[in-house]
Amino acid sequence: MRTKPWKYKEGRVSNLRAGDYVEVRSAGEILKTLDAAGSLDSLPFMLEMLDYCGRRLRVFKRVDKIIDLANFTGLRRMSKTVSLQDIRCDGQAHGGCQAGCQFLWKEDWLRRPYNHQKSAHAVNSHGEVAKNQQTDDLGDIRATLLPTTRKASPDLPDQEFYRCQATELFNASSYLGWWDIRQYLVPLWSGNVTLWECLAVVSIALFNIVQKLHGGCEYPYWVGSKLRKTPTLRLTLQPGEIVKVKTKEEIQETLDAANKNRGLWFDNEMLRFCGGRFRVLRNVDRLIDEKTGKLLRLRTPC
C-alpha cells in the first residue's frame, strides 16, 4: 500500500452535507488511498466496510467533532469525514465486537453518484451494487487489510488486541478548543441540526453556565444516587422482543453515585428514551475497549 493518499479528480467529493447521496468507491480505489497501517489521516478503513464498496448511500451526518473515550480529553476535531445512513459495524473482523459503532467515511473514499435519479432510490445498505463498480480481487484486499485489524502489545504478547476506528479516534482527530465558535456553526451549515435545534443547544448551555455559577440545578435535572451496590435484574431478553425503557426516576434507583450500574454508565443522552417502547436488536456481551483494544466480556446481561 502507498504511504500517501492517491487523489482522484473524477467524481471527487468535498464538503458533504447531511442528506447528500454518495457512492462508495471500489475496494481497489480505496486501497490506494491507505497507508501501510490501512489508514487515511490515521483513520482505519475497516475490513467490515468492504461490503459497502460500490453502493449508493445517503450521508447521515457530517462528522466534524468526536468525544475522546480513550483518553477522556473531551471534544476533538475531525476533518473530511461523514457517517452514512443505516449502516453500522458488525464486528466480524474484530472478535465479534457487538458495540455496533457507526462507520466513519473519509470523503476520499466516496464519490458523487453518476446517476442522481437512480441514487435517490438506492439508500438501503443492502441496495444493488453500482454499475460502475470496478471488479477487484476482494480476497487479496481482505488479506491485505486483515493484519491492520490487530495491534501488538509488548506487555502481553500472548493476548490478542484489536485495532479499529474507535481505538484510533484520538490519533485521527486534533485538539478542539471549547472557545472555538465554529464547532457550533458547522453543524448548522452541514445540515446536522436545524436552526431551532442549534438555538436549543446554545440556550441550554448558557442556562447551565449560569446555574453552575449560582449553585443551581442544571438541565437535565438529575438526582444522584448513593447506592454502593447496584441491583441486578435478568429478563432473558431475546432479539425482536418489545421492551419499555423505565422512567428516569426508576433508573436513578438502580445507579450508584457515578451514575453507573455494575460499571456501565447511564448517559444523559439516554434520558430522552425513558418511558419509550423499543425492539431488542441483539444481546451484547462483547465490546472492544477503546483505550487498549482488548475484547472485553460483559459479566451481566446488556
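Annotations for the structure displayed:
- When 206, 213, 176, 235 are checked against the criterion of being touching a helix residue (DSSP H, G or I) at 6+ places or on another chain (Cβ under 7 Å) and at pLDDT 90 or above, a single residue qualifies: 176.
- From the list 280, 243, 193, the one residue that fits, being under 21 Å from the mean Cα position of the chain (by Cα) and modelled with pLDDT of 95 or more, is 280.
Let's see how each residue does on (1) within 12 Å of residue 108 (Cα to Cα); (2) assigned to a loop (DSSP other than H, G, I, E, B); (3) open to solvent by 30 Å² or more (accessible area, probe 1.4 Å); (4) modelled with pLDDT under 95:
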site	(1), (2), (3), (4)
5	yes, yes, yes, yes
9	yes, yes, yes, yes
54	no, yes, no, yes
60	no, no, yes, no
67	no, no, yes, yes
71	no, yes, yes, yes
75	no, no, yes, yes
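- Among the criteria (1) closer than 26 Å to residue 43 by Cα; (2) open to solvent by less than 50 Å² (accessible area, probe 1.4 Å), the one residue 243 does not fulfil is (1).
To keep it simple, each residue is scored yes or no on (1) touching a residue at least 60 places away in the same chain (Cβ under 8 Å); (2) open to solvent by less than 90 Å² (accessible area, probe 1.4 Å).
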site: 143; (1), (2): no, yes
site: 146; (1), (2): yes, yes
site: 150; (1), (2): no, yes
site: 157; (1), (2): no, no
site: 164; (1), (2): yes, yes
site: 171; (1), (2): yes, no
site: 176; (1), (2): yes, yes
site: 187; (1), (2): yes, yes
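- Verdict on residue 218 being among the charged types (D, E, K, R), closer than 25 Å to residue 88 by Cα and either open to solvent by 50 Å² or more (accessible area, probe 1.4 Å) or in contact with a strand residue (DSSP E or B) (Cβ under 9 Å, 6 or more places away or on another chain) (or both): no
- One residue alone among 80, 61 is over 22 Å from residue 28 (Cα atoms), basic (Lys, Arg) and touching a residue at least 12 places away in the same chain (Cβ under 8 Å), and that residue is 61.
- Every test in (1) open to solvent by less than 10 Å² (accessible area, probe 1.4 Å); (2) within 19 Å of residue 141 (Cα to Cα); (3) at pLDDT below 90; (4) not hydroxyl-bearing (Ser, Thr, Tyr) is passed by residue 13 save one, and that test is (2).
- Under the condition of being under 29 Å from the mean Cα position of the chain (by Cα) and either on the phi > 0 side of the Ramachandran plot or open to solvent by less than 60 Å² (accessible area, probe 1.4 Å) (or both), the residues counted in segment 221-237 number 5.
- Taking the numbered list (1) among the aliphatic types (A, V, I, L, M); (2) within 28 Å of residue 194 (Cβ to Cβ); (3) open to solvent by 10 Å² or more (accessible area, probe 1.4 Å) in turn, residue 31 passes all entries but (2).
- Within segment 77-116, considering residues that are in contact with a Ser or Thr (Cβ under 9 Å, 6 or more places away or on another chain), open to solvent by less than 10 Å² (accessible area, probe 1.4 Å) and assigned to a loop (DSSP other than H, G, I, E, B), the one farthest from residue 39 (Cα to Cα): 113
- The set of residues from segment 250-267 being open to solvent by 80 Å² or more (accessible area, probe 1.4 Å) and within 24 Å of residue 201 (Cα to Cα) comprises just one member, 265.
- Scanning segment 281-295 for residues that are open to solvent by 70 Å² or more (accessible area, probe 1.4 Å) and of a type in the set (A, V, I, L, M) gives a single hit, 281.
- The residue of segment 196-215 that is surrounded by the most Cβ atoms within 10 Å (Cβ to Cβ), among those that are closer than 22 Å to residue 59 by Cα and within 24 Å of the chain's Cα centre (by Cα), is 198.
- Considering 195, 199, the condition of being farther than 30 Å from residue 289 by Cβ, touching a Leu at 6+ places or on another chain (Cβ under 7 Å) and either without any contact (Cβ under 8 Å) to a residue 40 or more places away in the chain or of a type in the set (Lys, Arg) (or both) is satisfied by 195 alone.
- Contact annotation: residue pairs with Cβ atoms under 7 Å, 6 or more positions apart or on different chains, pairing a residue in segment 1-30 that is farther than 23 Å from residue 190 by Cβ and among the small types (Gly, Ala, Ser) with a partner that is exposed (fewer than 13 other Cβ atoms within 10 Å of the Cβ) and at pLDDT below 75, are 26/134; 28/134.
The values are calculated or read from the model by the stated rules, or taken from the named source; none is laboratory data. Because the structure is a prediction, the values reported are computed rather than measured. Neighbour counts run over all protein chains shown; Cβ positions are idealised from the backbone, glycine included. Side chains included, ligands, DNA and RNA excluded: accessible areas come from the protein's heavy atoms. Shrake-Rupley method; radii C 1.70, N 1.55, O 1.52, S 1.80 Å.
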